[in-house]
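We did not get these values from a lab; they are worked out from the coordinates using the rules stated. Just so you know, these numbers come straight off a predicted model, no measurement behind them. When we count neighbours, we look across all protein chains shown, and the Cβ atoms used for this are built from the backbone with ideal geometry, even at glycine.
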Amino acid sequence: MQTEVITVRTGSRPVVLDITEQAGRFVTASGADDGLLHVFVPHATAGIAIIETGAGSDDDLLLALADVLPTDDRWQHRHGSTGHGRDHVMPAFVAPYATLPVIGGRIALGTWQSICLVDPNGDNATRQVRFSFLRG
């Protein structure tokens with residue numbers, strides 16, 4: 001298995017960040033033909049989503065998370081900024097990983113699909129993402 005960790009700057013606001021290009025570079029550098037790409041974010045307050053970006057779906061995802069998991073003081077987990085407890089619940093809704101097929105050296109995404117890091121936690125401006133490739 002080949003693996004690599006990248007560092008991603010997410011900033012101080014909730015964000016959905018497209019990391020498809022970085023994942024593609026990893027797959028190409030691995031000399032991959034067929035197999036599985038596993039994308040994992042080793043943080044308690046971030047996730048990985050496969051969604052369309054650029055047409056508003058990324059903003060819609062953040063709005064939906066804000067509706068389901070409001071940023072207020074209802075959360076028992078209370079360190080950090082107000083409502084930070086919801087950031088620790090979010091990975092139950094947006095998992096911290098995704099596994100994708102690689103066929104002929106390319107990630108087999110649908111036409112409008114992108115691999116995205118979902119980070120609602122403005123308290124941490126830098127995240128790591130681990131790419132792992134398992135040959136088929």
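Restricting the stretch 57-77 to residues that are among the charged types (D, E, K, R) and either under 19 Å from residue 125 (Cα atoms) or touching a residue at least 40 places away in the same chain (Cβ under 8 Å) (or both), the residue that is surrounded by the most Cβ atoms within 10 Å (Cβ to Cβ) is 58.
Quick one: would you say residue 28 is β-branched (Val, Ile, Thr) and touching an Asp or Glu at 6+ places or on another chain (Cβ under 6 Å)? Here the answer is no, as residue 28 does not meet what is asked. As a summary of the residue check, residue 37 satisfies the conditions (1) among the hydrophobic types (A, V, I, L, M, F, W, C); (2) in contact with a Pro (Cβ under 9 Å, 6 or more places away or on another chain); (3) assigned to a loop (DSSP other than H, G, I, E, B) except for the one numbered (3).
Residues in the stretch 65-85 include none that are under 30 Å from residue 134 (Cα atoms) and either among the acidic types (Asp, Glu) or touching a strand residue (DSSP E or B) at 6+ places or on another chain (Cβ under 6 Å) (or both). Look at (1) in a loop (DSSP other than H, G, I, E, B); (2) within 16 Å of residue 130 (Cβ to Cβ) and you find that residue 12 fails only one, number (2).
Within the stretch 86-98, the set of residues being in contact (Cβ under 8 Å) with a residue 40 or more places away in the chain, of a type outside the set (Phe, Trp, Tyr) and out of contact with any strand residue (DSSP E or B) (no Cβ under 7 Å at 6 or more places or on another chain) comprises 87, 88. Filtered by the rule that a residue be under 17 Å from residue 119 (Cβ atoms) and of a type in the set (D, E, K, R), the stretch 70-103 gives 86, 87. Residues in the stretch 17-34 that are crowded, with 19+ Cβ neighbours inside 10 Å and in a strand (DSSP E or B): 17 alone.
One line per residue, one yes/no per condition, for (1) of a type outside the set (Gly, Ala, Ser); (2) surrounded by 14 or more Cβ atoms within 10 Å (Cβ to Cβ); (3) touching a Ser or Thr at 6+ places or on another chain (Cβ under 9 Å):
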position	(1), (2), (3)
105	no, yes, yes
108	no, no, no
111	yes, no, no
123	yes, no, yes
136	no, no, no
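Cβ-Cβ distances below 6 Å connect the following pairs, each with a first residue in the stretch 26-47 that is closer than 12 Å to residue 119 by Cα, a second residue that is aliphatic (A, V, I, L, M) and in a loop (DSSP other than H, G, I, E, B), and a separation of six or more residues or different chains: 47/94; 47/95.
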